[in-house]
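The values are calculated or read from the model by the stated rules, or taken from the named source; none is laboratory data. In this text, all values refer to a predicted model and were calculated from it rather than measured experimentally. FYI the Cβ positions are ideal-geometry reconstructions off the backbone, even for glycines, and counts take in every protein chain you see.
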Amino acid sequence: MSHPGLEAVRRRIREAALAAGRDPAGISLIAVSKTFAAADIEPVISAGQRVFGENRVQEAKAKWPDLKRKKPDLELHLIGPLQSNKAGDAVALFDAIHTIDRTKIAEAIAAEIARQGRKPQLFIQINTGLEPQKSGIGPDAADSFIAHCRDRAGLAIAGLMCIPPLDEAPRRHFELLRQIASRNLLSALSMGMSSDFEEAISCGATHVRVGSAIFGDRTDR
Ligand SMILES: *Cc1c(COP(=O)(O)O)cnc(C)c1O
């Protein structure tokens, strides 16, 4: 069964990758299903998509255990802010966490990984635009925070994630994220959403987080 929104996004990812001289297989599409019900998600699963993103632990806990039981090879990514008292739930449910941004969270996740024996893929969120309302570590503190996560908390960090400011051209932010990752020898870059994933791919994104271009608008929700 095909899903028009999903097919269109896959085609655009492929074209953007080829235009950038990159192998499309090096880009993982995270279908962001926040606010959408299982009935909206199932057709996307049937069309072959296996990687999904949610921004709230509670919402994911209500929707995903059932879906995962039906399709054990689903991969679930946490792309929204994490409170340390939810670290246990997050490590239990998610296969990747994109939003580590302070030492308390890093330590809570490290403790849960040790306790549960699960190893989600881990990303550090960088607040590239230094926006006060946004989570993420500031670019100037990134190197020392990455070192802290690795050396003190003992976390295997896969890469970095950012959400550029809404009112700015995203390219400068994508490039900054890539620079920080590169000098810290991190290979995964979680960047690009419905409005800018092609540009993110041209800047080296390995994980694009795409919601509305697949599922439709969330404005009525
Ligand atoms: C909602 C969300 C997305 C997807 O946004 P779209 O514009 O619908 O593609 C990506 N990343 C994060 C962190 C989000 O919260």
I'd like the residue in region 1-13 that is closer than 18 Å to Ser195 by Cα and surrounded by fewer than 15 Cβ atoms within 10 Å (Cβ to Cβ) and, out of all such residues, is modelled with the lowest pLDDT. Pro4
Do we find that Gly48 is closer than 25 Å to Leu29 by Cα, of a type in the set (Gly, Ala, Ser), within 16 Å of the ligand (Cβ to nearest atom) and modelled with pLDDT of 95 or more in this structure? no
Do you know which residues across region 185-200 are within 21 Å of Gly21 (Cβ to Cβ), within 13 Å of the ligand (Cβ to nearest atom) and part of a loop (DSSP other than H, G, I, E, B)? Met191, Gly192, Asp196
Here the qualifying pairs (Cβ atoms under 7 Å; residues six or more apart or on different chains; first in region 180-194 and closer than 13 Å to Phe145 by Cα and in contact (Cβ under 8 Å) with a residue 12 or more places away in the chain; second in a helix (DSSP H, G or I) and more than 15 Å from the ligand (Cβ to nearest atom)) come out as Ile180/Pro139; Ile180/Ala142; Asn184/Asp143; Asn184/Ile146
Could you tell me whether region 79-99 includes any residue that is under 20 Å from Ile41 (Cα atoms), of a type in the set (Phe, Trp, Tyr) and not in a helix (DSSP H, G or I)? yes
Report, ordered by the first and then the second residue, all pairs with beta carbons closer than 6 Å, sequence separation of six or more or different chains, a first member in region 25-37 that is under 15 Å from Gly211 (Cβ atoms), and a second member that is at pLDDT below 95 and near the ligand (Cβ under 9 Å from one of its atoms). Thr35/Arg218
Based on this model, can you work out whether Arg69 counts as part of a helix (DSSP H, G or I), surrounded by fewer than 16 Cβ atoms within 10 Å (Cβ to Cβ) and modelled with pLDDT under 95? yes
Whichever residue in region 201-221 is assigned to a helix (DSSP H, G or I) and away from the ligand (no atom under 13 Å from the Cβ) and, among such residues, is surrounded by the fewest Cβ atoms within 10 Å (Cβ to Cβ): Ser202
Taking the conditions exactly as written (touching a residue at least 12 places away in the same chain (Cβ under 8 Å) and either assigned to a loop (DSSP other than H, G, I, E, B) or crowded, with 20+ Cβ neighbours inside 10 Å (or both)), does Ala111 satisfy them or not? no
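A quick yes/no check of all residues on (1) basic (Lys, Arg); (2) more than 30 Å from Arg118 (Cα to Cα); (3) within 14 Å of the chain's Cα centre (by Cα):
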site: Gly154; (1), (2), (3): no, no, no
site: Pro165; (1), (2), (3): no, yes, no
site: Asn184; (1), (2), (3): no, no, no
site: Leu189; (1), (2), (3): no, no, yes
site: Thr206; (1), (2), (3): no, no, yes
site: Arg218; (1), (2), (3): yes, yes, no
Are any of the residues in region 137-153 surrounded by fewer than 23 Cβ atoms within 10 Å (Cβ to Cβ), within 13 Å of the ligand (Cβ to nearest atom) and either without any contact (Cβ under 8 Å) to a residue 60 or more places away in the chain or not in a loop (DSSP other than H, G, I, E, B) (or both)? no
